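Derivation of every value follows stated rules applied to the coordinates shown; laboratory data play no part. Remember, predicted model here, so these are calculated numbers, not experimental data. Note: ideal-geometry Cβ built from the backbone for every residue, glycine included; neighbour counts use all protein chains shown.
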């Protein structure tokens, strides 16, 4: 397994002039006209804001999505038992044209396994779970270069995006 820590990567989004102001886009550019343009216009986002009002009023609160899938890196997929399970984290604070692009999709874990990792997926994801708990409960001291101020960055995992096979693994 290869693990790439998520906290420094999220902090770098606020350290870059290109992305720091865009990380508050979901808070500063939101429209209330009942049209679904961005995940922040959806029911799940609004429901989360009602349950956690402190997070809703924090422009630096990062909303994340987790993507998990399996692929077989060899040509004879049916004869090979080798598989790879990449785990991606995507921040959804960014504008729609940015949030699903390569620079903002973070490969967090790469699980290379001869057998199916479904029995031990919680062990493989434990470092990521620990970092997500830290971001949710305590937060991380971060500097926003666009506003030139320090803040405590908190984050939550809003949803997972995967196929049914990966969904069965995550249960």
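Which whole-number percent is the relative contact order of region 2-170 (Cα, under 8 Å, 6+ apart)?
On the way: 262 pairs, mean separation 49.7, N = 169.
Over region 2-170, the number comes to 29 percent.
Considering Cα pairs under 8 angstrom that are at least six residues apart, work out the relative contact order of region 5-58 and quote it in whole percent.
On the way: 20 pairs, mean separation 7.8, N = 54.
About 15 percent, as a whole number.
What whole-number distance in Å separates the alpha-carbon centres of region 13-37 and region 88-110?
Using only Cα atoms to place each centre, the spacing works out to 14 Å.
Please compute the length gained on full extension between residue 33 and residue 148, using 0.36 nm multiplied by the number of residues separating them and subtracting their Cα-Cα distance.
Details: separation 115, 0.36 × 115 = 41.40 nm, distance 3.20 nm.
38.2 nm is the gain from fully extending residue 33 to residue 148.
Along Cα→Cβ, 7 Å out, is where each label goes; now give me the distance between the ones at residue 100 and residue 1 in nm to one decimal.
2.9 nm
How would 19, 112, 146 line up from fewest to most surrounding beta-carbon atoms within 10 angstrom? Walk me through the intermediate numbers first.
On the way: 19 20, 112 13, 146 16.
Placing the least packed residue first, the sequence is 112, 146, 19.
Return 9, 70 ranked ascending by Cβ neighbour count within 10 Å, so the fewest neighbours appear first.
Values: 9 15, 70 18.
Fewest to most other Cβ atoms nearby, the residues stand as 9, 70.
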